[in-house]
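To keep things clear, I will list the structure first and then write my remarks on it.
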Amino acid sequence: MNKFVAGAVLALLSSQAQAAGLDRSGQSVASIFAADGTASLSFGYVMPSVTGTDSRGADYDVGESYTQTAITYTNGLKGTGFNYSLIFDQPYGTNVDYDADPTTSNLGGTMADLDSRALTVIGRYKFGDRFSIFGGIGVERIEADVALNGLSYAGAISTAAVASTVPGLDSTLLGAALSGSAAAATAIDSTYGAGTTAALGSAVASTSGSFLGTGGYTFAMDQSTKPTYLIGAAYEIPDIALRISGTYRFQTEHSADTTEELLGRTVRDSVDFVSPASFNLDFQTGIMEGTLLTASYRWTDFSAVDIVPSALGADLVNLDDGHRYTLGVARRFSESFAGSMSVSYEPENNNDTVSPLGPTDGLWGVSLAGQYSSGALKISGGLNYSWLGDAVAGVAERPAASFEDNHAVGIGFKAEMVF
């Protein structure tokens, strides 16, 4: 029972459609527990529907479809208690595109495309048949392209640029004054002289026109490839298919060359950033003959991820930590077929606004999967439907667009062979 149903559980992981922040693969290390000589190939296709509107009447459909691929190979040294696994995955990513006219909409022309690849080698040592420890080292590559455009970004970036020319003037105060706050305007005029707010308003309007006329702000980050590390431990009772494992991945420091285009200037520099630390807790146990219960939790330290380009001078990421909970059950129906179902949940952060580069807040998801086995070959397929939480996308903490009633559909396939 244990071997067959444990294999079925892998199908639960084949169709993770959407996750917190930039999370994509979930960085599972389940392959380290596979039988020696096991190779697998997974492929997923995700179709988000993320639509919204802004106060100027523009409609947005910003979710771009994307693919996910993972390859693993597991083997061991017989009689030593040691085995290893090689894992290729795509841990982080985003694909967002606001396809609207920047001169008549709040966010038109804004986009983000972040891509990552990771190759990890994990080694595990078993102390008897119950307790094991493992560690891994790998390489991670990240690259990104971002564009910020539309009237909301034109106003915010132009306000910050003009405020920076006045010693001691806070751009938030200037923004409030230009948005109609009499108190803010009085504070500026009393400090810098009568008529200052009006003069700065004219400068902001002129700079905004230049911003839109030169294509807004663009950011291109070259590839950064750095080493990654993880540690973990597991406790198992094979007779009842029980396993509890924890995996901690350390924060990875990156540095990459960048090119920015802003207000007709090209700025070539570099940026330092990190990919986040994370912790995965995974649990499974047999609850009756042929049936397995699974549960997992993933924390990702996205609040530590800041990308602050020199010309822009502001964080492009601005995410809260990710928390994902999953509960599932797998059932063997025959010697050759098993099925599984899981429910995933990510809590809302309940912020007033979220980044336009990730305009949802929380999710509920359901995955259904099946697995067919024939000898040493296992073929799995799964379908995921996720309800994405409503959110207000904001620029400089000011609402720019509202996103409601959105979802994502993911389909995944996995082939696994024991050689």
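The values are calculated or read from the model by the stated rules, or taken from the named source; none is laboratory data. The structure presented is a predicted model; accordingly, all values stated were derived computationally and were not measured. Cβ coordinates were reconstructed from backbone atoms using ideal geometry, including for glycine residues, and neighbour counts include every protein chain displayed. The protein model used for the area step is the full one, side chains on, heavy atoms only, and it has no ligands, DNA or RNA in it. Shrake-Rupley method; radii C 1.70, N 1.55, O 1.52, S 1.80 Å.
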| field | Filter result (surrounded by fewer than 20 Cβ atoms within 10 Å (Cβ to Cβ) and not polar (S, T, N, Q)) within region 213-225 | value | GLY213, GLY215, ALA220, ASP222
| request: Find the strands (runs of 3 or more DSSP E) located wholly in region 37-145 whose residues include 1 or more that are open to solvent by 10 Å² or more (accessible area, probe 1.4 Å), at pLDDT 95 or above and under 20 Å from SER278 (Cβ atoms), and list them. | output: 66-77, 82-89, 111-127
| query | Are there any pairs with C-beta distances below 6 angstrom linking a residue in region 110-128 that is among the basic types (Lys, Arg) to a residue that is part of a strand (DSSP E or B), with the two at least 6 apart or on different chains, and if so which? | reply | ARG117/ARG141; ARG124/ASN83; ARG124/SER132; ARG124/PHE134; LYS126/SER132
| task | Could you grab the pairs with beta carbons closer than 8 Å, sequence gap of 6+ or different chains, first residue in region 22-35 and within 18 Å of ILE244 (Cβ to Cβ) and open to solvent by less than 30 Å² (accessible area, probe 1.4 Å), second one part of a helix (DSSP H, G or I) and modelled with pLDDT under 95? | result | GLY26/LEU13
| query | Do the conditions hold for ALA154, that is, is it assigned to a helix (DSSP H, G or I), farther than 30 Å from LEU119 by Cα, touching a residue at least 40 places away in the same chain (Cβ under 8 Å) and not acidic (Asp, Glu)? | reply | yes
| field | Candidate set: region 168-203, residues that are open to solvent by 30 Å² or more (accessible area, probe 1.4 Å), under 38 Å from the mean Cα position of the chain (by Cα) and not polar (S, T, N, Q); chosen: the one farthest from GLY215 (Cα to Cα) | value | GLY168
| field | In region 99-109, residue farthest from THR67 (Cα to Cα) [restricted to those that are touching an Asp or Glu at 6+ places or on another chain (Cβ under 9 Å) and touching a residue at least 60 places away in the same chain (Cβ under 8 Å)] | value | ASN106
| Test: residue in region 366-373 that is without any contact (Cβ under 8 Å) to a residue 40 or more places away in the chain, under 18 Å from ALA338 (Cβ atoms) and not aliphatic (A, V, I, L, M) | yes
| field | Looking only at region 307-343, and only at residues there that are under 24 Å from the mean Cα position of the chain (by Cα), open to solvent by less than 50 Å² (accessible area, probe 1.4 Å) and not aliphatic (A, V, I, L, M), the one that is farthest from ASP269 (Cα to Cα) | value | GLY328
| message | Taking the conditions exactly as written (over 30 Å from ASP306 (Cβ atoms) and of a type in the set (D, E, K, R)), does ARG141 satisfy them or not? | response | no
